[in-house]
Structure formats: structure tokens, C-alpha cells
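See below for the structure under consideration.
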Amino acid sequence: MNPTPVILLSGASRGLGAAAAIEAARQGANLVLNARSADRLAAVAAQCRALGGEALTVPGDIGAPETARRMAQAAADAFGRIDAVIHNAGVLPPIAPVAQADLAAWETNWRVNLLGAVALLQASLPLLRKSAGRAVLVSSGAAIHAYPTWGAYCASKAALNHLAAVLAAEEPAVTTVAFRPGIVDTDMQAQIRQQGAGVMPPDLHAKFLAYQREGRLQPPEVVARPLVAVALRAPRAWSGEFVAYYDEKVQKLLV
Ligand SMILES: NC(=O)c1ccc[n+]([C@@H]2O[C@H](COP(=O)([O-])OP(=O)(O)OC[C@H]3O[C@@H](n4cnc5c(N)ncnc54)[C@H](OP(=O)(O)O)[C@@H]3O)[C@@H](O)[C@H]2O)c1
């Protein structure tokens with residue numbers, strides 16, 4: 001019998017991460033969940049436990065390296081293994097042109113979006129190698145599209161894609177994939193509609209208003225299924241790739 005898979009997941013208190021936690025529990029995984037909001041995280045963990053799995057919480061800023069270390073340690077102590085890591089925590093700000101953006105805000109963005117991934121990988125790789133596990137870096141279409149005023153976010157997601165490629169070259173035992181979730185109906189989209197007004201170019205902002213008006217935002221639960229499928233079942237041959245939730249090969253992994 002295969003052992004119960006253990007997944008480390010950042011940004012699990014709401015949005016895509018919360019849906020992924022619940023989907024992973026539904027598929028029988030044990031979880032170590034992280035986000036800053038301890039109460040919301042505990043509520044998600046309780047929903048996961050109700051589905052039959054174990055769910056531990058490690059509240060804290062994933063931009064601080066000790067958070068990732070605490071997550072890996074919690075998995076080692078409780079389960080003795082790590083089968084997958086999903087770095088889902090992500091932040092959009094600063095919404096500002098590169099010429100004017102606050103450098104400290106760029107640093108915060110990269111600390112969460114990019115360095116959080118590096119810290120999670122560093123903390124988990126010893127056990128990921130043993131399990132021949134998977135690392136999924138939640139990226140974005142913004143990794144390959146240049147959206148004015150999203151410089152920090154776009155560049156951090158492009159860096160995540162390349163980090164996946166480098167890790168694939170360095171760590172042959174681990175399957176590392178960058179994942180494109182499409183446009184998901186979460187707080188981040190609300191933030192774009194609200195805080196992007198008057199700052200983003202009007203045509204770009206209007207595009208995001210239209211996504212909501214036209215019902216084109218995906219429910220988090222719809223995107224969580226392929227995200228968890230990739231974390232649990234992506235073949236080794238995909239290591240280093242940037243895959244989208246809607247790709248035919250990704251959809252074929254759904255159970
Ligand atoms: N929504 C979309 O359309 C879309 C499109 C492309 C890519 N994505 C990507 O998908 C991922 C999930 O986004 P979402 O839409 O679900 O966003 P969201 O609704 O804003 O949720 C973000 C999650 O990240 C957590 N988080 C933020 N800062 C953190 C930190 N410093 N440490 C630990 N956790 C932190 C938040 O929890 P706390 O506030 O409790 O810490 C929350 O659980 C992100 O990487 C995002 O870039 C989203």
C-alpha cells in the first residue's frame with residue numbers, strides 16, 4: 001500500500017490555497033498549511049480534518065525563512081515524509097510603474113513570491129528527494145505577459161518559472177513545475193479591480209473589470225483540482241515546465 005502523501009502548502013487561508021487544501025484532503029493527503037491569518041488557517045485545517053486527513057498549521061510570514069523551516073520540521077515530526085510542496089502564497093503590490101514604485105514594496109513582493117519558494121524548497125528538498133516528490137510553484141500569466149504597473153509581480157512570477165527550470169536541472173529526483181492558474185475569483189482579483197483603478201492603464205483595468213462582469217473568473221475549487229493533481233501526479237518528464245490548469249495534459253491528471 002502506498003503511504004499517505006504529505007503536502008506542504010503556503011497561502012492556504014483563503015482563495016486558491018484554501019481550495020487546494022480542501023481538495024488535497026479530499027484526495028486523501030495529509031497537510032502542513034501556512035498563511036499569516038492563524039484563525040482563517042485553523043478553519044481551513046478543520047475543514048480538511050473533517051474530510052479524514054491530518055492537517056497541521058504553521059501560521060507565519062512565508063517571506064521569513066524560519067516559517068518554511070518550521071513547516072518542513074512539522075512534516076518530518078508528524079509524518080516522517082514530504083511528497084509535495086506547493087508554494088501558492090503570493091502578493092500583487094506594489095501596483096505602480098517601475099519608475100515610481102517603492103523599492104521596499106518590491107522587496108516585500110519578492111520575499112513572499114520568490115524567496116518564499118526558495119526557502120520552502122531548501123527546507124523540503126532532503127525529504128522531497130527521498131520520496132521522489134514534486135514541487136509546484138504557483139505562477140501566473142503575468143510571468144509571460146508584461147502588464148504595466150505590475151513590474152514586481154510580473155518579474156517575480158517570471159523568476160519563479162525559471163527557478164522551476166533551474167531546480168529541474170539541479171534536482172533530478174524531484175519534479176518541479178511552475179503552474180498557471182488562469183484568472184481565479186479570489187481576493188487578489190478584487191484587489192486588482194479596486195486598487196488598480198486610476199493606477200493601471202485604463203484599458204488593462206477595464207479588462208479585469210470585464211472578466212468579472214462577463215463571468216470569466218474561475219471558482220477557486222475548479223483550479224484547485226488541477227493544482228493538486230499536478231502536485232500529486234505530474235510525471236517526471238514535466239520537470240522544469242510552466243503548465244496551465246487548462247492544458248489538456250494537466251486536465252488528464254484529474255481524478
Ligand atoms: N487570482 C488569480 O486570478 C490569480 C491569477 C494568477 C496567479 N495567481 C496566483 O495564485 C496564488 C494564489 O492567489 P489567490 O488569488 O488565491 O490570492 P489571495 O486570495 O490574495 O490569497 C493569497 C494567499 O496567500 C497568503 N499570503 C499572502 N502573503 C503571505 C505571506 N507573507 N506569508 C504567508 N502567506 C501569505 C494569504 O493569506 P494571509 O493573508 O492569511 O497570509 C492567502 O492565503 C498566488 O500566488 C497568485 O499570484 C492568482
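Okay, here's what the table says:
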{"read-out": "Distant-in-sequence amide H partners of residue 31 (H built 1.01 Å from N, under 5 Å)", "value": "7, 54, 55, 56"}
{"read-out": "For residue 86, distant residues with modelled amide H under 5 Å away", "value": "8, 9, 10, 136"}
{"read-out": "Amide H partners (placed H, <5 Å) of residue 245, local residues excluded", "value": "180, 182"}
{"read-out": "Estimated vicinal HN-Hα couplings, Hz - the stretch 114-121 in sequence order (Karplus 6.51, -1.76, 1.60; Gly, Pro = x)", "value": "9, 5, x, 5, 4, 5, 5, 5"}
{"read-out": "Alpha-carbon gyration tensor eigenvalues x 5, square-rooted, for the stretch 108-153, Å", "value": "27, 12, 4"}
{"read-out": "Gyration tensor verdict on the stretch 125-238 (Cα atoms; rounded if a/c is under 1.5, prolate if a/b is larger than b/c, oblate otherwise)", "value": "prolate"}
{"read-out": "Three-way shape label, the stretch 1-75, alpha-carbon gyration tensor, a/c 1.5", "value": "oblate"}
{"read-out": "Least to most buried among 208, 179 (fewest other Cβ within 10 Å first)", "value": "208, 179"}
{"read-out": "Under the Karplus curve 6.51 cos²θ - 1.76 cosθ + 1.60, θ = phi - 60°, whole-Hz ³J(HN,Hα) for the stretch 56-63, x wherever Gly or Pro sits", "value": "9, 10, 10, x, x, 7, 6, x"}
{"read-out": "Note, ³J(HN,Hα) from phi for the stretch 44-50, Karplus 6.51, -1.76, 1.60, rounded to Hz, x at Gly and Pro", "value": "5, 4, 5, 5, 5, 5, 5"}
{"read-out": "Long-range Cα-Cα pairs in the chain (distance over 27 Å), rounded percent", "value": "31"}
{"read-out": "Part-to-part distance (alpha-carbon centres) for the stretch 101-126 and the stretch 1-77, which is given in Å", "value": "19"}
{"read-out": "C-alpha long axis of helix 220-233 to longest principal axis of the chain, angle in °", "value": "40"}
{"read-out": "Neighbour-count order for 200, 1, 71, fewest beta carbons within 10 angstrom listed first", "value": "1, 200, 71"}
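Read the figures in this text as sums done on the coordinates, not as results from a lab. Just so it is clear, the structure is predicted and the values come from calculations on it, not from any experiment. Note: ideal-geometry Cβ built from the backbone for every residue, glycine included; neighbour counts use all protein chains shown.
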